[in-house]
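Step one of this worksheet: look at the structure below.
Readers should treat all values here as calculations from the given coordinates under stated rules, not as data from a laboratory. A quick note: this is a predicted structure, and the numbers were derived from the prediction, not measured. Here the Cβ positions follow ideal geometry from the backbone for every residue, glycine too, while neighbour counts run over all protein chains shown.
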Amino acid sequence: MEQRLMSEREKADIAKESRRLLDEGREEEAAALRKTIPLTPYLAKYWKEKMGAQFLINGGWNLAEAEAEYGQGWLDN
């Protein structure tokens, strides 16, 4: 999955498309699309502390904002 930062507009557009997919009963596609929105740094850090780095890695989340905030390799520290 591409790990990249997004504008607020891009995030809103993806969220809107995800809701449309949910309305159509396409839950898995909606969930996968939502994961392309960068996870907020504080939430990524919290999940790392509570669930472990592997949880985030295996979950397929876009961690670009957390990496921008905490630096490359933050999951390893």
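Report the residue, chosen from L56, L33, L22, that carries the largest GNM mean-square fluctuation when the chain is represented by alpha-carbon nodes joined by springs under 10 Å.
Judging by the Gaussian network model, the answer is L22.
Give me a comma-separated list of calculated 3J(HN,Hα) values for segment 42-56, in order, Karplus coefficients 6.51, -1.76, 1.60 applied at θ = phi - 60°, integers in Hz, x for any Gly or Pro.
5, 6, 4, 5, 4, 4, 4, 5, 8, 10, x, 4, 4, 4, 5
Which of rounded, prolate, oblate describes segment 1-42, given a ≥ b ≥ c as roots of the alpha-carbon gyration tensor eigenvalues and a/c under 1.5 marking rounded, otherwise prolate only if a/b is larger than b/c? Intermediate results must be reported in sequence, preceding the final value.
Numbers: a/c = 2.39, a/b = 1.71, b/c = 1.40.
It is prolate, given that a/c is not under 1.5 and a/b is the larger ratio.
What list do you get for E67, E8 if you sort them by fewest beta carbons within 10 Å?
Values: E67 18, E8 7.
The order, fewest Cβ neighbours first, is E8, E67.
May I ask you to evaluate 6.51 cos²θ - 1.76 cosθ + 1.60, the Karplus curve with θ = phi - 60°, for each residue of segment 6-11 and list the ³J(HN,Hα) values in order in whole Hz, giving x for glycine and proline?
With the stated coefficients, segment 6-11 comes to 9, 6, 4, 5, 4, 4 Hz.
When the chain is fully extended, how far beyond the present Cα-Cα distance does D23 get from S7, taking 0.36 nm per residue of separation?
Details: separation 16, 0.36 × 16 = 5.76 nm, distance 2.46 nm.
Stretched fully, the D23-S7 segment lengthens by 3.3 nm.
So who's got an amide H within less than 5 Å of the one on R26, skipping anything under 5 residues away but keeping other chains? H placed 1.01 Å off N, in plane.
Under 5 Å from the amide H of R26: no residue qualifies.
If each DSSP helix of 4+ residues adds -39,500 (n - 2.57) and the sum is divided by the residues in the chain, what number results at 222 nm, nearest 500 deg cm²/dmol? Spell out each step's value before the answer.
Numbers: 5 runs with 49 residues, N = 77.
Helices in the chain give a 222 nm mean residue ellipticity of -18500 deg cm²/dmol.
If each residue of separation counts as 0.36 nm, what is the full-extension length gain between Y70 and A32 once their alpha-carbon separation is subtracted? Before the final figure, lay out the partial values.
Values: separation 38, 0.36 × 38 = 13.68 nm, distance 2.43 nm.
Once the chain is fully extended between Y70 and A32, it gains 11.2 nm.
Sort M6, M51 so that the residue with the fewest other Cβ atoms within 10 Å of its own Cβ comes first and the one with the most comes last.
Details: M6 16, M51 12.
Final ranking by Cβ density, sparse to dense: M51, M6.
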